[in-house]
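The values are calculated or read from the model by the stated rules, or taken from the named source; none is laboratory data. Treat the numbers as computed from the prediction; the structure is a model and nothing was measured. Because the Cβ atoms are built from the backbone with ideal geometry, glycine has one as well, and the counts that use them run over all protein chains shown.
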Amino acid sequence: MHKQGGKRKLEAAVGIDVGARELAVAMVDEGGWQERVVRNTAAGQRELLAWLRARGRRVRVCLEASGNYGLDLALALKARAEVEVSVVNPRQVRRFAESLGERNKTDGVDARVLAEYGRRMQPAPWQPPSRSALELRAITRAVAALTHISVQQQNRRHAAQAAEALPPLVRRELERHLRDLERRIRRLRQAARKLIAGDAELEGCYRHLLSVPGIGEVSALQILGEVATLPGMLDARQWVAYSGLDPRRYQSGSSVARPPRISRSGNQRLRAALYMPALVAVRHEPHLRAFYQRLIAHGKAPLAALTAVMRKLLHGIHAMFRRDENYCGSKLCPA
């Protein structure tokens, strides 16, 4: 998802493998390699920044998009003028490692690969999202996690109702847990809506999402929570690549030609958030339904056609946000 930038000459490239407890750091410059390990704590990050500043040179730091563990570090590094930060897709880095013939996978190896990736590929500098966008993503991801637990508990309740030997106490505890989960989910969604209402840009995007047939409040919050943190310069194709919905072809010569599949090398949460809206849209939105039926008529499998609708929806969402306008099916799927 990152473009290769221009040839920016920096004196050192640093790779950081971010773990829950430790940061494995590797630096390469004209003098060779240097490595160290620091704790992934506020004190450890200060120690790392002091070590980088002691080099007396401008450095490019490359780390993988690894969720909350790396976010605080990326924000701390971004605040330093002598550091250029790039946050890259883990799948791309792994393929880069394979191209180098690197088969081992340890924290130290990963840090060296990241440093080499930053030096050779020169990924674009990372642009941090707004604080409101970060808070919204954290809230909606918490909602998604609690919803997953709630579905599991509902399945257990269904099984418990059919089990005569199960004590009533267990059934009551399941019901109590489900009610507690529902309260927590409702409270988090209310917090998300309050956060959006206080940010004009987020509120506008949220309203545009609700204008799409098939996207209700729940789906709108989940989708917005994932795309609000994306850099503003990304185009629709880069959004698709970020979501992992981009098609990947496998062909070699004239004898090997596998059916195209989506890469799945992007944001799984965004793909999950788009699934139900696409499913509803192919039933109730005439333009997307016609698009879906054309794909089926041309031999596409139903799941592949539905994936194409998800991709089309993401293109439409990108256009709505950029143009500041509500959904128009005839623009998204012209006859």
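Residues in segment 175-221 that are touching a residue at least 40 places away in the same chain (Cβ under 8 Å), closer than 30 Å to ARG289 by Cβ and among the β-branched types (Val, Ile, Thr): ILE196, VAL212, ILE215.
Is there a residue being surrounded by 13 or more Cβ atoms within 10 Å (Cβ to Cβ), of a type in the set (D, E, K, R) and touching a helix residue (DSSP H, G or I) at 6+ places or on another chain (Cβ under 7 Å) anywhere in segment 145-164? Among the residues of segment 145-164, at least one is surrounded by 13 or more Cβ atoms within 10 Å (Cβ to Cβ), of a type in the set (D, E, K, R) and touching a helix residue (DSSP H, G or I) at 6+ places or on another chain (Cβ under 7 Å), which makes the answer yes.
The set of residues in segment 34-52 being surrounded by 13 or more Cβ atoms within 10 Å (Cβ to Cβ) and either among the small types (Gly, Ala, Ser) or in contact with a Cys (Cβ under 9 Å, 6 or more places away or on another chain) (or both) consists of GLY44 alone. Take the conditions (1) under 21 Å from the mean Cα position of the chain (by Cα); (2) modelled with pLDDT of 90 or more; SER66 misses just one of them, which is (2). Summed over segment 19-32, the residues that are within 15 Å of VAL61 (Cβ to Cβ) and surrounded by fewer than 18 Cβ atoms within 10 Å (Cβ to Cβ) give a count of 1. Selection of segment 164-179 for residues being assigned to a helix (DSSP H, G or I), among the aliphatic types (A, V, I, L, M) and farther than 13 Å from VAL151 by Cα yields LEU169, VAL170. Per the conditions (1) more than 24 Å from the chain's Cα centre (by Cα); (2) surrounded by 17 or more Cβ atoms within 10 Å (Cβ to Cβ); (3) modelled with pLDDT under 90, the sole criterion not satisfied by ARG55 is (2).
The condition of being assigned to a helix (DSSP H, G or I), more than 13 Å from LEU23 (Cβ to Cβ) and in the same structural domain as ARG21 (by TED's automatic domain parsing) holds for only one of ARG91, ARG46, ARG60, that being ARG91.
Can you pull out the residues in segment 266-325 that are of a type in the set (D, E, K, R) and part of a helix (DSSP H, G or I)? Result: ARG269, ARG271, ARG283, ARG289, ARG294, ARG311, LYS312, ARG322, ARG323. The residue that is surrounded by the fewest Cβ atoms within 10 Å (Cβ to Cβ), counting only those in segment 73-98 that are closer than 9 Å to VAL61 by Cβ and either touching a residue at least 60 places away in the same chain (Cβ under 8 Å) or among the charged types (D, E, K, R) (or both), is SER86. Kindly establish whether GLN154 is more than 29 Å from ASP72 (Cβ to Cβ) and in a helix (DSSP H, G or I). Taking the combined requirement at face value, the residue satisfies it.
When restricted to residues that are without any contact (Cβ under 8 Å) to a residue 12 or more places away in the chain and under 23 Å from VAL109 (Cβ atoms), segment 42-72 contains 2. Selection of segment 202-231 for residues being surrounded by fewer than 19 Cβ atoms within 10 Å (Cβ to Cβ), more than 15 Å from the chain's Cα centre (by Cα) and not in a helix (DSSP H, G or I) yields SER211, PRO213, GLY216. Restricting the first member to segment 117-137 and to residues that are assigned by TED's automatic domain parsing to the domain that holds ARG95 and crowded, with 16+ Cβ neighbours inside 10 Å, and the second to residues that are in a helix (DSSP H, G or I) and of a type in the set (Phe, Trp, Tyr), the beta-carbon pairs closer than 6 Å and six or more apart or on different chains are TYR117/PHE96.
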